[in-house]
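Asker: First the structure, which I've put down as structure tokens, then a few questions once you've had a look.
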Amino acid sequence: MRRTVLAGVGVVVSALVVSGCASRPVGSGSGPGLAVSTVSTSNTFAPVTTKNDCTDYVAQIKSGYTGPAPKIGPLPASAHPVSLLECVQDFQDVAGQGQFSVVNTVRSTGSVDAFVSALRAAYVRPPEPTPQGGSYSCAAIGYTPQWLALIDADGTVYRVEIPFWGVCSAPDRNVTTVLATVLAAVPTKVTSTERIRQTVSPGAKASGCEQQFAEMAFVGAQLSGSAANRPFFAGQNAGKPFRVCYYKLTDTTDKTKPAGDFETATIITGTPATTIYDGLTNAPTATNAKNCTSPATEYAVLFTNSGAGDWSVVELNGCKLAGADSGPDREVPAPVMQVLVAAKGG
């Protein structure tokens, strides 16, 4: 079955921190999803017990990680695990309902002895040596630990920590690679699945459109003058259909890369498609694009083939700009606007 990357999903949380003689910090990181071991924990942390299910983990995700970072700890020397529990985030397609983020409860169906042995060996492994002499840089990165628990023969459930032992608070790949390999060999099965939230609507899923797409005509307007005046479309599309995804933007406060939500989709063919192609191909450059201070709240994303390449964004209101990745924004001709609005049904 599919597994997450063992204790190694990095999230950059700040810029580089330069240290001339950095010492390995003791303890765990703090903040949602950033609790990470940076030293051997068998001597610095007490074991952490937890429930024999994923209910608390699901509640934490649904709350948006508003509570404290979950505790993790070493496997006690006195423990004799007989099974394993994982809480794994994933995505699930549901026929007619779109896509959902989910948490799978995964349980072992065979021996966990090899993984337990590898974990205990990792606790006593010598740390990676720090670079000798001079200065070196450590990126301020948090690593999201995998939700993993071992269940003792007496029924006690331990939320176990994977020791990192790496320089700069980073994983020692020799440790994580070995543990990931041994863990992957443990036979498991998904025993239950909890839906968290819908991530892709049924319409977006059926049409092949993204659930969200950035208002790139507005983004391009802020960069006006920096791109070469190339043809609007990267390739020839005369006489070919357009796949069009329509988006609505409700929050216009984001001035960097605002993204709207999927509304509907259609395929435009024949004369209307030619009107779009000819109109945008010959549309004049929007010389005053930088004067647009807000993104459009309704816009269409045009794809000139069945894949996701060669896209363009046409604003249906606001400044009514058209932007593509092949050059500067253009002014949208009235016939193009009429075709797109009519095709949407508005």
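The values are calculated or read from the model by the stated rules, or taken from the named source; none is laboratory data. All figures in this text were calculated on a predicted structure; none of them were measured in a lab. Virtual Cβ from ideal backbone geometry, glycine too; neighbours counted across all protein chains shown.
Asker: Looking at 283, 343, 296, 300, which is the one that is aliphatic (A, V, I, L, M), surrounded by fewer than 22 Cβ atoms within 10 Å (Cβ to Cβ) and outside any helix (DSSP H, G or I)? Write out each step before concluding.
Answerer: Working: 343 fails: outside any helix (DSSP H, G or I); 296 fails: surrounded by fewer than 22 Cβ atoms within 10 Å (Cβ to Cβ); 300 fails: surrounded by fewer than 22 Cβ atoms within 10 Å (Cβ to Cβ).
The conditions single out 283.
Conditions tested, residue by residue: (1) hydroxyl-bearing (Ser, Thr, Tyr); (2) surrounded by fewer than 16 Cβ atoms within 10 Å (Cβ to Cβ).
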position: 53; (1), (2): no, no
position: 93; (1), (2): no, yes
position: 108; (1), (2): yes, no
position: 120; (1), (2): no, yes
position: 129; (1), (2): no, yes
position: 147; (1), (2): no, no
position: 150; (1), (2): no, no
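Asker: OK, next. All but one of (1) buried (at least 20 other Cβ atoms within 10 Å of the Cβ); (2) within 30 Å of residue 99 (Cα to Cα); (3) modelled with pLDDT under 90 hold for residue 308; which doesn't?
Answerer: (1)
Asker: Yes or no: residue 270 under 25 Å from residue 223 (Cβ atoms) and of a type outside the set (A, V, I, L, M)?
Answerer: no
Asker: Could you look through segment 316-329, keep only residues that are under 27 Å from the mean Cα position of the chain (by Cα) and farther than 15 Å from residue 242 by Cβ, and pick out the one that is surrounded by the most Cβ atoms within 10 Å (Cβ to Cβ)?
Answerer: So, considering only residues that are under 27 Å from the mean Cα position of the chain (by Cα) and farther than 15 Å from residue 242 by Cβ, the one surrounded by the most Cβ atoms within 10 Å (Cβ to Cβ) is 323.
Asker: Additional query: In this structure, does residue 156 turn out to be β-branched (Val, Ile, Thr), under 15 Å from residue 47 (Cβ atoms) and surrounded by 13 or more Cβ atoms within 10 Å (Cβ to Cβ)? Can you show your working first?
Answerer: Details: β-branched (Val, Ile, Thr): yes; under 15 Å from residue 47 (Cβ atoms): yes; surrounded by 13 or more Cβ atoms within 10 Å (Cβ to Cβ): yes.
So residue 156 fits the description; yes.
Asker: Ok, one more. Go through (1) part of a strand (DSSP E or B); (2) of a type in the set (A, V, I, L, M, F, W, C); (3) at pLDDT below 95 and name the single condition residue 102 misses.
Answerer: Result: residue 102 passes all but (3).
Asker: Tell me, please, whether a residue that is hydrophobic (A, V, I, L, M, F, W, C) and not in a strand (DSSP E or B) can be found in segment 131-150.
Answerer: No: zero hits.
Asker: Name the residue, out of 193, 181, 177, that is in the same structural domain as residue 78 (by TED's automatic domain parsing) and either hydrophobic (A, V, I, L, M, F, W, C) or in contact (Cβ under 8 Å) with a residue 12 or more places away in the chain (or both). Talk me through it step by step, then tell me what you get.
Answerer: On the way: 181 fails: either hydrophobic (A, V, I, L, M, F, W, C) or in contact (Cβ under 8 Å) with a residue 12 or more places away in the chain (or both); 177 fails: either hydrophobic (A, V, I, L, M, F, W, C) or in contact (Cβ under 8 Å) with a residue 12 or more places away in the chain (or both).
When all the criteria are applied, what remains is 193.
Asker: For residue 344, state whether it is within 14 Å of residue 217 (Cα to Cα), among the basic types (Lys, Arg) and at pLDDT 90 or above. If you could, list the steps in order and put the result at the bottom.
Answerer: On the way: within 14 Å of residue 217 (Cα to Cα): no; among the basic types (Lys, Arg): yes; at pLDDT 90 or above: yes.
Taking the combined requirement at face value, the residue does not satisfy it.
Each row is one residue, and each column tells you yes or no for (1) outside any helix (DSSP H, G or I); (2) more than 30 Å from residue 332 (Cα to Cα).
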| residue | (1), (2) |
| --- | --- |
| 179 | no, yes |
| 186 | yes, yes |
| 192 | yes, yes |
| 219 | no, no |
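Asker: When you check residue 328 against the structure, is it farther than 22 Å from residue 208 by Cβ and assigned by TED's automatic domain parsing to the domain that holds residue 231, yes or no?
Answerer: Yes; evaluated as a whole, the condition is true for this residue.
Asker: Could I ask something else about it? If a residue has to be crowded, with 18+ Cβ neighbours inside 10 Å and modelled with pLDDT of 85 or more to count, how many in segment 30-47 make the cut?
Answerer: Selection size over segment 30-47: 1.
Asker: So the check is Cβ under 9 Å with 6+ separation or different chains; which pairs have a first residue in segment 58-78 that's free of Cβ contacts under 8 Å to residues at least 12 places away in the same chain and a second one that's acidic (Asp, Glu)?
Answerer: Every condition considered, the pairs that remain are 78/152.
Asker: Looking at (1) within 23 Å of residue 205 (Cα to Cα); (2) of a type in the set (S, T, N, Q); (3) part of a loop (DSSP other than H, G, I, E, B), find the lone condition where residue 312 falls short.
Answerer: Just one mismatch for residue 312, condition (3).
Asker: Of all residues in segment 212-235, which are over 30 Å from residue 202 (Cβ atoms) and either among the hydrophobic types (A, V, I, L, M, F, W, C) or modelled with pLDDT of 70 or more (or both)?
Answerer: Correct list: 220, 221, 222, 223, 227, 228, 231, 232, 233, 234.
Asker: Select from segment 330-341 the residues that are more than 20 Å from residue 291 (Cα to Cα) and touching a residue at least 60 places away in the same chain (Cβ under 8 Å) and write down the one among them that is nearest to the chain's Cα centre (by Cα).
Answerer: Filtering segment 330-341 for residues that are more than 20 Å from residue 291 (Cα to Cα) and touching a residue at least 60 places away in the same chain (Cβ under 8 Å), the one nearest to the chain's Cα centre (by Cα) comes out as 340.
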